[in-house]
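The values are calculated or read from the model by the stated rules, or taken from the named source; none is laboratory data. If you're wondering where the values come from, they're calculated on a predicted model, not measured in any experiment. Methodologically, a virtual Cβ is constructed for each residue, glycine included, from the backbone with ideal geometry; neighbour enumeration extends over all protein chains shown. Calculation scope for accessible area: heavy atoms of the full protein, side chains included, ligands and nucleic acids excluded. Shrake-Rupley method; radii C 1.70, N 1.55, O 1.52, S 1.80 Å.
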Amino acid sequence: MNPNTLFQIATWLIPLIIAIVFHEVSHGLVARRLGDPTAEELGRLSLNPVRHIDPFGTVILPLILALNHAPMFGWARPVPVNYGRLGHPRRDMVLVAIAGPGMNLLLGLLGAITLAIVIAVAGTEPGPTALFIGQNAVNFIKINIFLGVFNLLPIPPFDGGHVVEGLLPPPLAREFRKIGRFSLLVFIMLILVLPRLSPNADVIGRVVSPLVDGITRGLLGVFGITG
């Protein structure tokens with residue numbers, strides 16, 4: 001494996017692991033604050049990536065995507081939340097759900113601040129360390145904004161689906177929840193099947209990516225970063 005490939009993998013995989021670990025931990029922290037300590041009891045509020053790694057979603061899939069120069073994506077093992085232990089289950093379900101995407105958007109902001117600092121310090125001739133940190137920051141921004149937007153899609157198993165479930169009347173919420181049984185199928189349909197069936201059905205390309213690009217450009221623009 002040549003050095004350029006190793007550099008590419010490192011600058012994508014490191015930001016992705018940080019992004020998905022903080023995403024999951026934020027769900028558990030908000031759940032604990034609202035009355036459900038399940039994640040804490042099971043040791044899942046740790047920032048140790050090992051406690052959150054899903055072998056396929058956290059390592060294998062991102063590695064394949066990086067090697068094929070494809071958009072980076074992945075997931076960790078979901079932090080367990082017992083909605084029955086929450087103080088106000090339906091309301092709190094929504095708050096717990098939006099905590100993950102909210103954390104990703106916050107991390108995207110922190111990534112932009114980091115990138116602005118690196119650019120200011122490194123100047124026009126950055127060294128290897130500055131290049132590595134800067135590329136990590138760029139990818140960190142892209143990954144976090146993408147995860148934040150993508151996870152707000154209003155269908156199970158995504159966080160946006162839990163938001164919808166918490167807002168629906170109980171009978172409709174129970175029926176809506178059943179879609180979650182087919183979470184892997186939903187994921188495959190969105191990522192692989194629909195884009196091949198029709199460009200108009202490409203939810204990622206037509207909905208998620210434009211939003212991600214717009215938010216990213218706006219965020220970088222705040223710090224005077226272009227290109």
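Some points to look at:
- Scanning residues 5 or more positions from F73 or on other chains, none has an amide H under 5 Å from its amide H, with H placed 1.01 Å from N in the peptide plane.
- Accessible area per residue, Å², the chain with all protein chains present, probe 1.4 Å: 54
- Sequence-ordered 3J(HN,Hα) estimates for the stretch 131-148 from the Karplus curve with 6.51, -1.76 and 1.60 and θ = phi - 60° stand at 5, 5, 5, x, 5, 4, 5, 4, 5, 4, 5, 4, 5, 5, 5, 4, 4, x Hz, glycine and proline given as x.
- Here the Karplus curve 6.51 cos²θ - 1.76 cosθ + 1.60, taken at θ = phi - 60°, turns the phi angles of the stretch 162-173 into couplings of 5, 5, 4, 4, x, 9, 6, x, x, x, 5, 4 Hz, with x standing for Gly and Pro.
- Degrees between helix 209-222 axis and first principal axis of the chain (Cα, 0 to 90, nearest 10): 60
- Rg to Rh quotient for the stretch 181-227, alpha carbon positions, Kirkwood Rh: 1.20
- Charged neighbours of V50, selected by a Cβ distance under 15 Å, balance to +1 (K, R count +1; D, E count -1).
- Accessible surface of the stretch 76-227, 1.4 Å probe: 69 percent of it comes from carbon and sulfur atoms.
- The spacing between the stretch 1-37 and the stretch 110-168, judged by their C-alpha centroids, is 11 Å.
- For the pair V50 and K178 in one chain, pulling the backbone fully straight at 0.36 nm per residue adds 43.1 nm over the alpha carbon distance.
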